[in-house]
Structures are given as C-alpha cells and as structure tokens.
Amino acid sequence: MLRYTIRRLVGAIPTMFALIAITFFIMRIAPGGPFDGNRKVTEVVKANLERAYHLDDPLWLQFLRYLWGVLHFDFGPSFKYRDYTVSELIWQGFPVSFEVGMWAIAIATVVGVTLGTVAALRQHSMIDYSVMAVGMTGVAVPTFVVGPLMQIVFGVSLLMLPVGGWDGSLERKIMPIIALALPNIAYIASLARGSMIESLRTNHVRTARAKGIGGWRTVTRHALIGGLVPVVAYLGPATAGIVTGSIVIEKVFSIPGIGRYFVDAALNRDYTLVLGVVIFYGFLIIIANLIVDLCYALLDPKVRYD
Amino acid sequence: MSIRSRLLTVAAVLSIGAAYGVMLPMAAQAETILNRGFGASPHTLDPHVNFGAREAWIQDDLYEGLVATAADGKVIPGAAESWDISDDGRTITFHLRPDLKWSNGEPLVAQDFINGILRTLDAKTASEKGYYFYNVIQITNTKGYAEGTVTDPAQVGLKAPDDKTVVISLDNPAPHAFFVLNSFQTTPLHTPSFEKFGEKFVEAGNQVGNGAYVLKENVPQSHVLLEKNPNYWNAANVKIDKVRYVVTEDVNTELKRYQAGEIDTTNEIPSDQREALKAELGGEVRETISTETMYISFNITKPPFDDVRVRRALSMAIDREALQDKVLKAGYKANYSYAPAVDPTYDGPKIAEAGMSKEEREEKARALLAEAGFGPDNPLKVGLLSTTDETEKREASALAIMWKQVLGVQADLQNQEFQAWLDTFYAGNWDVFNDNLVGDFPGPETYLVYMKPSSEAGYNWKNDEYENLMNKAATVADPAERLKILAQAEKILLDDYLTAPIASATSRHLVKPYVKGWVDNVVESHPSRFMSIEQ
C-alpha cells in the first residue's frame with residue numbers, strides 16, 4: 001500500500017502542473033486586469049502599477065516566474081488585498097473553513113448513515129418513507145434559504161444564537177455547521193439506504209444470519225462495512241469541496257473562510273489569489289481521492305493494491 | 001452522595017463563584033465599544049495605498065491629515081491648527097499644532113506629512129490615488145514625480161521650512177483643495193517603522209499612527225479592532241474607547257446582525273426592505289445623497305447617436321421620477337444636471353426636461369426622433385450596456401420599456417461583468433452605456449473635469465469651448481467666480497447631450513438611537529472620535 005500511495009502522489013504532479021497552467025492562462029483570457037477598475041488612473045500610473053507586479057512581462061515569463069515561486073511555496077501577493085500574501089490569506093482562512101466543513105461532514109455522515117441504515121432495515125415502512133421525504137426536502141431546499149431562515153428564527157426573533165461572525169465560540173459555529181450538514185445528510189442517507197439494502201441481501205450477510213448472529217451485530221459488523229463503499233466514494237471529493245468553504249454558508253453567516261475567494265478573486269482579477277486557491281483545492285482533491293481509494297482497500301477485501 | 005461527588009460539587013460551585021467574582025469588577029469598568037458594520041472585507045489598511053471609501057473610515061480613525069472633516073462633513077483643522085492662503089491662491093501654508101505626537105510618543109513633524117504624500121506618488125508604492133495631487137489639484141511637479149520624469153523630491157511643491165510648517169505650492173488656485181487634504185490624502189509617514197517593517201508596517205502591533213485610535217486587531221473577513229490612542233492631541237474628548245469594524249459580506253445578514261444587536265450601525269440597507277424598515281425603524285434609517293451620480297452615455301462616434309436629436313429624444317422619453325419612485329425604489333434622487341447637487345453654493349444649469357410636464361416631454365421626444373428620420377416604419381434600434389448589478393439591470397429594463405412606449409424604440413439589453421463592461425467601454429462597441437461617476441470632492445468641478453476632452457475618459461467628445469472654459473475656471477481663485485464659469489461649461493455639456501443624467505445615488509445606513517454624533521453628510525464623513533454611546 002505504501003508503494004501504491006507514493007506512486008499516486010508522484011502521478012499527481014503532472015496533474016497539478018496541468019491545473020496550474022490551464023488556470024493561469026484562462027484567467028488571462030478574461031478581459032480586464034486587477035488595476036483596470038479605476039477609471040481615474042492615468043495610463044502612465046497604470047503602467048507603473050502593472051510593472052510593480054510584473055504584469056508587463058511576456059506571459060510565458062510571468063508563468064515561469066509563478067511556477068518558480070510555487071516550488072518555493074511562495075504564491076505571491078494578493079493584488080486586491082494589498083496587505084497580505086496569498087499564503088497568508090489561505091493560511092488564515094482555511095482553518096475556519098476546515099473546522100466548519102469537517103464538523104458538517106462528520107455530522108452529516110453519522111446522521112446520514114444512521115438514517116439510511118434504519119430506512120434500509122425497515123424498508124417500505126413509515127420510517128423508510130419519512131426518512132426519504134426528509135431527505136428529499138433537505139436536498140431540494142437550498143442553503144441560502146435555510147441559512148437566513150435559521151438566522152431569523154434563532155438570531156433575530158429568539159435571540160438565542162448570534163446571527164453571524166466568527167470568534168471560535170460554540171454559539172457561532174452551530175448554525176453554519178447545521179446549515180451546511182443538512183443537504184449532505186439527505187444525500188448520504190439516500191446513498192446509505194440504497195447500498196445497505198443491497199448489502200443486506202448479500203450471501204455473507206445471509207450466512208451470518210443463518211449462523212444465528214443477532215440482528216444488530218449483523219448490521220454493523222457484516223452489512224455496514226460493504227454498505228459504506230458508495231458513501232466513502234461520495235465523501236472523498238465532497239469533503240475536499242466542503243472544507244474549502246461553502247461560499248453560500250460563509251457569505252450568509254459572515255464566516256472568515258476561504259470559500260468566497262474562489263468567486264470574488266476571479267471577479268476582481270486577483271490572479272495570484274485565484275491560482276493559490278485553485279492549487280490548494282486541487283491538492284486537497286488529490287489527497288482526498290487517494291484516501292478514498294485507500295479506504296476501499298480497507299472496506300472491501302477483494303480490492304488489493306500492489 | 002460519595003465523598004468524591006461531594007468534592008466535585010464543591011469545586012464546581014467555587015469555580016463558578018470565582019468566575020463571577022472576576023467578571024463583576026470587569027463589568028463595572030466596562031469600556032465603551034462601538035460596533036460598526038463595514039460590509040465587505042477591507043482591501044488594505046495601508047494609508048498611502050488605500051483607495052476605498054469605506055476603508056477611508058478606518059483610515060480616518062487611525063490617522064489625521066493636515067485638515068480633518070467634522071461629523072457633518074465640513075472641513076475643520078486637523079493636525080494643522082490653522083493655514084494661510086496667498087492672494088493668488090497658489091500657496092497654502094499650514095501651521096501644525098504644537099506638541100503633536102505619534103501613537104508611540106515620538107514627535108510628529110511637518111516632514112512626515114510630506115513624506116506621506118511622496119510615498120503615495122512613488123511608483124514603487126503602486127498606489128492609485130496619486131492623481132489627487134496632480135489631477136484634482138495641481139501641486140507643482142507631482143505629476144512628474146509620479147511618472148518618473150522628476151526624481152528629486154526637493155523639486156516637488158511640498159516644503160517643510162521647519163518642524164511645524166508645511167507649505168504647498170500649486171500650479172493653479174484650488175478652493176476645493178481643503179477637501180482633498182484630509183486623512184485620506186495626507187496621512188503622515190512614520191519613517192522608522194516603514195524602514196523597519198516595509199509594507200508590513202500597517203499590521204496590528206507594528207502600526208504607528210497619529211489618529212484618535214490605533215490598530216489592535218485585523219482579522220481578514222472578520223473584523224478590524226481599534227483602540228483609543230492616548231497620545232492623540234484631542235484624546236481627552238474622544239468618548240468611545242474601542243471601535244470594531246465588523247465585516248459582513250451579505251447585506252441581508254448585516255441587517256439581521258443589526259436587528260439582533262450585534263452591530264450598532266450598518267454599512268448599507270437592502271433595497272427591497274427600505275420601505276419596510278423606514279416604517280418600522282423610523283429615525284434609525286439614514287439616507288442622504290452621495291457623491292455618486294448615475295447617467296447614461298451615448299457613443300457619439302456611432303451613428304445614429306452622433307445626431308443630437310436622437311440623443312435628446314432618448315433623454316426626453318425617460319420619466320426620471322417614476323423610474324426612481326416606482327421602479328427602483330432604492331431612494332436615489334432624480335437628477336437633471338451632470339454635476340449632482342452636492343454643493344449648495346453652486347447654481348448649476350439643468351436640462352430642459354426638468355421644467356417640462358410628462359406630455360410635453362414625450363411629444364417633443366417623438367417630434368425630435370421623427371425629425372431625425374425614425375418612426376414606426378423605421379424604428380430606432382438601441383443597444384444598452386450595463387453591469388450585472390441587479391439594480392442596474394432593472395433600470396435598464398425600465399428604460400427600454402419607456403423608450404418603447406414613447407418612441408417605439410427596439411432596445412437590446414446587454415449586461416456584462418464589471419471588468420468586461422469596462423473593457424467594452426474602452427473598445428467602443430456600444431450604443432448607450434449605463435454609466436456612473438463618483439466625485440472626489442463635493443463640488444461640480446470634479447465631475448466636469450472628468451468630461452474634459454483632454455482628460456480622455458473614453459467618451460471621444462471634442463469641444464474646444466468646453467475645454468477652454470474649464471481651463472479658465474482652473475485659474476480662478478475666487479470660489480463664487482469659479483462656480484459661475486463652471487456653470488457656463490456645464491451648460492455646454494448638457495446642451496450637447498453627450499450624456500443624459502438619471503439620478504444621484506444615496507448612501508444608506510441604519511444607526512441605533514443610542515449612537516450619538518453620526519450626522520448624515522454627502523462626503524460620508526463619520527469619524528468615530530466625534531461619536532458617543534448613550535445607554
């Protein structure tokens with residue numbers, strides 16, 4: 001497995017390179033630049049601004065200079081947030097996005113798998129239908145509706161929880177985590193239900209039952225392991241996506257994560273910040289996919305890497 | 001209960017008691033803290049780089065320029081307690097207050113102010129606001145210094161004959177100069193910390209300023225926390241101990257935070273809730289016109305928009321009041337001149353539509369368009385370009401409907417993301433452009449100067465009479481006389497219908513009733529040092 005892991009990581013390098021190159025050149029195709037927004041700047045001063053950031057060099061030279069920086073873990077200064085480098089912005093924002101995201105995934109997984117399993121065990125009963133109905137609602141109602149609704153109820157009317165902001169306290173974490181977990185609970189529940197239903201019908205589970213192993217143990221030790229495979233497959237990229245910040249949740253609850261950098265940096269033509277978050281996100285996805293594949297090996301004895 | 005659980009209970013009670021014991025005295029000497037809603041995260045707190053109007057609030061709390069702006073927006077002495085203007089209006093001598101100090105106790109001298117301006121102009125700083133010193137007012141040799149043709153700072157029109165005097169030499173007299181010599185433009189430079197930390201000298205912990213507050217914390221996308229500066233010359237009169245600028249990206253979330261009491265003032269009010277909030281909160285809703293003016297521009301290089309009759313017709317077909325009151329409801333004020341009504345001493349011209357009734361306007365519009373050769377069998381096709389901003393898109397739709405109803409115009413509405421929109425503007429592929437301009441100071445000149453053919457703002461307008469009048473106005477020292485000439489120039493601009501004015505934007509805030517000292521004003525001056533909290 002170790003050799004497999006190393007092979008995967010080395011194989012990720014050309015992927016990252018392609019990612020950086022494509023993002024770099026696509027950003028430049030979009031019209032306008034980081035210093036174009038101000039119509040009062042004279043041409044000479046605009047040229048000075050661009051020169052200060054090496055934007056007047058030929059494109060291939062800028063690209064090479066950027067790659068050289070990346071190899072030294074220097075992602076450059078942000079063009080829009082002048083007081084910070086891209087590394088500082090990501091370093092400060094990511095732990096927050098990560099915390100909200102990981103809690104949301106953890107809650108979504110535990111609750112989702114439990115609900116899905118219960119629904120699978122009581123297939124076609126009231127419990128099954130109600131779990132699926134709640135699931136459907138959770139997926140259908142968007143976070144930008146659920147979030148503000150929670151803010152109005154718990155923040156403004158009942159004054160139980162703060163409306164937004166982030167200071168590390170529990171009361172500021174509750175609503176965003178739950179709002180982020182809800183659509184995922186729904187999706188994971190339905191994934192888990194489907195695969196558990198299948199798993200409960202397999203030969204080895206039937207054998208376990210026939211041998212007299214009690215209901216709950218059958219479920220957890222025999223059926224669940226196999227039933228988790230699709231959930232794990234979903235969780236890999238989903239985790240990468242969620243921990244890099246949900247832009248909607250972060251905007252609605254005013255959380256200082258990195259979610260909004262993805263969109264706002266592009267609109268601001270903040271080239272370095274866009275590249276920085278894209279590289280970061282790409283790297284996380286690669287790691288997440290690797291972990292997912294390693295988990296397959298743990299869950300399914302038929303899968304072996306060498 | 002066992003011994004163990006009894007001991008645990010006693011320990012719990014004691015620690016809770018201790019906590020209260022510590023908290024109570026702390027609560028008794030609570031500091032006043034003002035939580036100000038800030039909107040989106042500040043782009044920079046570097047005073048010589050910052051170009052944002054909201055960031056300027058923080059800058060005004062952290063630093064003080066030669067002049068200052070009062071709570072009501074008027075120019076008042078800042079770090080300079082008085083000044084003299086020469087008879088020709090070209091030399092201003094500022095006399096600094098005695099015993100000025102930096103926040104770390106070091107003495108603050110005249111040369112520090114000059115160094116601040118020079119840093120703003122320096123190409124290495126990559127600041128966008130150097131143009132204040134050579135476009136808005138003309139300090140000698142600042143343009144050359146910014147562009148690199150003048151390398152010796154001694155040749156720039158800024159001198160400090162002694163530690164308490166700053167002398168500014170202008171190429172042209174500028175009665176409006178005092179609006180552009182406040183903390184936004186003339187923050188002094190603390191050379192020792194800049195030399196030590198470079199651009200990081202603005203970070204909390206490194207920051208040394210001369211304003212009423214110092215920077216305590218700056219957490220991106222969360223908040224900026226300021227603390228009272230005991231070395232500020234007027235610290236005795238600063239009532240609020242701490243100011244927290246709270247970042248909230250989403251305008252609806254900001255409103256909810258205000259309603260929940262987490263912030264005491266907001267940066268903005270959601271347009272669609274204005275009416276409801278005014279009914280519910282009354283005096284807490286503060287609206288005033290701002291220095292932003294909104295208008296549509298015509299591409300006079302592209303037929304048929306080179307025909308002034310077409311332009312006039314399109315302008316006349318617009319029902320400006322209905323557009324604001326019935327369609328947009330954002331509180332903007334309909335406008336009939338290019339320069340908005342930000343200066344009460346300016347008696348500016350208006351377009352003819354201002355005095356016409358709806359029927360008159362529409363009839364005249366149809367007549368003009370028919371004269372220009374358009375009618376039901378030859379409908380005028382107009383492309384209207386705006387950004388993706390929601391209010392702008394609604395405005396564009398409303399204009400298209402008005403033009404269709406009155407003139408039978410076939411309008412093609414396009415919207416583009418901001419950068420692309422700007423790019424298209426300079427490329428010239430547009431008919432009519434949904435435009436706006438923010439003035440640099442509350443006077444007509446800042447808007448009219450932008451339209452000078454020589455300023456090459458992208459409108460391709462040539463008019464020697466206008467250019468000459470604007471140049472003449474620039475040499476006049478007497479404010480009243482200057483405004484008269486500007487009014488003449490504006491009349492030429494309006495008569496040519498290069499643009500058709502639409503409205504003046506407003507600035508909108510919610511302010512809790514216990515926050516005192518917040519005065520609505522057109523320059524959006526709301527320094528924390530003039531505010532207090534009355535619980």
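Over the protein assembly as shown, with a single point scatterer placed on each C-alpha, what log10 of the ratio I(q)/I(0) does the Debye formula yield at q = 0.04, 0.07, 0.10 1/Å? Each listed q corresponds, in turn, to -0.23, -0.67, -1.23.
Of all aspartates and glutamates in the structure, the ones whose alpha carbon falls short of 18 Å from that of B:K216, not counting any fewer than 8 places away in one chain, are A:D83, A:D167, B:E31, B:D46, B:E55, B:D60, B:D61, B:E64, B:E199, B:E203, B:E227, B:D241.
Fewest neighbouring Cβ atoms within 10 Å first, the residues A:V86, A:V44, B:V214, A:V111 line up as A:V44, A:V111, B:V214, A:V86. Summing Cβ point charges (Lys, Arg +1; Asp, Glu -1) relative to the Cα centre of chain B gives a dipole of roughly 1320 debye. For chain A, the membrane-span-like helices by this rule, meaning whole DSSP H stretches whose C-alpha atoms cover at least 24 Å of axis and whose Kyte-Doolittle mean is -1.0 or above, are A:2-29, A:86-121, A:170-200, A:271-299; this says nothing about an actual membrane. Per-residue ellipticity at 222 nm computed for the protein assembly as shown from its helices equals -14500 deg cm²/dmol, with DSSP H segments shorter than 4 residues left out and the rest contributing -39,500 (n - 2.57). Taking 0.36 nm per residue of separation and subtracting the current Cα-Cα distance, fully stretching the chain between A:V156 and A:F17 would add 45.2 nm.
Our analysis of chain B gives Rg over Rh at 1.04, with the two radii drawn from alpha carbon positions and Rh computed by the Kirkwood formula.
Sequence-distant contacts, meaning Cα pairs under 8 Å at least 6 residues apart, place the relative contact order of chain B at 20 percent. In degrees from 0 to 90, rounded to the nearest 10, what is the angle of the helix B:464-474 Cα long axis to the longest principal axis of chain B? Taking the Cα atoms of chain B, the angle to B:464-474 is about 30 degrees. Scalar couplings 3J(HN,Hα) for segment B:510-524, obtained by applying the Karplus form with A = 6.51, B = -1.76, C = 1.60 to θ = phi - 60°, are 9, 10, 5, x, 8, 8, 9, x, 8, 10, 5, 8, 6, 8, 6 Hz; x denotes Gly and Pro. Counting every pair of alpha carbons in chain A, the share spaced more than 36 Å apart comes to 34 percent. Computed from label points 7 Å out along Cα-Cβ, the spacing between A:I174 and B:K462 is 7.1 nm. Backbone amide hydrogens, once placed in the peptide plane, bring B:A68 within less than 5 Å of B:I76, B:G78, excluding anything fewer than 5 places away on its chain. Do the alpha carbons of any pairs in B:K164/B:K472; B:K326/B:K404; B:K74/B:K393 sit beyond 28 Å of each other, and which pairs? Pairs exceeding the cut-off: B:K164/B:K472; B:K74/B:K393. Evaluating 6.51 cos²θ - 1.76 cosθ + 1.60 at θ = phi - 60° for every residue in segment B:231-245, the Karplus couplings come out as 8, 6, 4, 10, 4, 4, 9, 8, 8, 8, 7, 9, 10, 10, 8 Hz, glycine and proline recorded as x. Looking at segment B:290-507 from every direction and averaging, what is the projected area of its Cα convex hull in nm²? With the hull built on Cα positions only, its mean projection is 11.5 nm². Between the Cα long axis of helix B:358-371 and the first principal axis of chain B there is an angle of about 50°, rounded to the nearest 10. The simple Förster model, with R0 at 45 Å and r as the Cβ-Cβ distance, assigns A:D300 and B:T32 a FRET efficiency of 0.10.
Measuring against 19 Å, Cα to Cα, the residue pairs B:K329/B:K491; B:K278/B:K512; A:K173/B:K242 contain B:K329/B:K491; A:K173/B:K242 as the ones spanning a longer distance.
Evaluated over the Cα positions of segment B:209-256, the convex hull gives a direction-averaged projected area, one quarter of its surface, of 4.1 nm².
For segment B:380-449, taking Cα atoms only, Rg and Dmax work out to 13.9, 40 Å respectively.
To the nearest 0.05, how large is the calculated FRET efficiency for B:S454 and B:K484 if R₀ is 30 Å and r is the Cβ-Cβ distance? The computed FRET efficiency comes out at 0.85. Candidate cross-link partners of B:K124 among the lysines, defined by an alpha-carbon separation under 21 Å and a same-chain spacing of 8 or more, comprise A:K40, A:K46, A:K80, B:K143, B:K196, B:K200. Placing a pseudo-label 7 Å from each Cα along the Cα-to-Cβ vector at A:F262 and B:K358 gives an inter-label distance of 4.8 nm. In chain B, the longest principal axis of the Cα atoms and the axis of helix B:3-28 are about 60 degrees apart.
The numbers here are math on the coordinates, done by the rules we state, and not lab data. This is a predicted model, so every value here is computed, not measured. Glycine gets a Cβ as well: all are built from the backbone with ideal geometry, and neighbour counts include every protein chain shown.
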